[in-house]
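The values are calculated or read from the model by the stated rules, or taken from the named source; none is laboratory data. Please read all numbers here as calculations on a predicted model, not as lab measurements. Every residue, glycine as well, gets a Cβ built from its backbone with ideal geometry; the counts of neighbours run over all protein chains shown.
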């Protein structure tokens, strides 16, 4: 019985990866703003309206929802379900899935970062900061959580000096860090700093 369960979980995991790849390719939504994009695109009020999901994503979500119902201790399934909710702009559901995954395995800086993104998108910047801080505590060199921390501080909380410090901490680890639009972070920092002093 345990062997069959493990086989199902493994098959679920690989099937889900395949479906996510296909759905993301077709819909262009595998990664959203906070995973790959720069701060301005992620400023408040930019969430997209809820639209009908591509069939592959809808099927993958239904499959994973059934899997976590049958096997609530399946870390991989909760994680992949969270990612699908993330990619389909369902932040509240993503928060639930990521929270469950982190209850099963709390040592993932990437998951804490994704959870922070979803808290921010759901309108809870304080919880977003807490999540990014946990990611940084797990992995002090985690650049995305440091970058996202600056985004929330600047765009949501109007704490620009702290945001600049967060972004400079990214540069201290990688002076050539580029945002998704290929702009150097140090150039973006200079523009924000200049706006603040003018």
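Here are the numbers for this structure:
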quantity: Qualifying residue in segment 185-194 (condition: closer than 17 Å to residue 140 by Cα and either surrounded by 12 or more Cβ atoms within 10 Å (Cβ to Cβ) or under 21 Å from the mean Cα position of the chain (by Cα) (or both)); calculated: no
quantity: Residue 177 touching a helix residue (DSSP H, G or I) at 6+ places or on another chain (Cβ under 6 Å), at pLDDT 95 or above and under 29 Å from residue 81 (Cβ atoms); calculated: no
quantity: Which listed residue is touching a strand residue (DSSP E or B) at 6+ places or on another chain (Cβ under 7 Å) and free of Cβ contacts under 8 Å to residues at least 40 places away in the same chain, from 184, 164, 143; calculated: 184
quantity: Positions within segment 151-163 being under 21 Å from the mean Cα position of the chain (by Cα) and over 12 Å from residue 120 (Cα atoms), in sequence order; calculated: 154, 163
quantity: Test for residue 39: is it modelled with pLDDT under 95, farther than 15 Å from residue 97 by Cβ and buried (at least 21 other Cβ atoms within 10 Å of the Cβ); calculated: yes
quantity: Residue 154 closer than 19 Å to residue 178 by Cα and assigned to a helix (DSSP H, G or I); calculated: yes
quantity: Complete set of residues in segment 92-122 that are surrounded by fewer than 19 Cβ atoms within 10 Å (Cβ to Cβ), within 27 Å of residue 52 (Cβ to Cβ) and in contact (Cβ under 8 Å) with a residue 24 or more places away in the chain; calculated: 92, 122
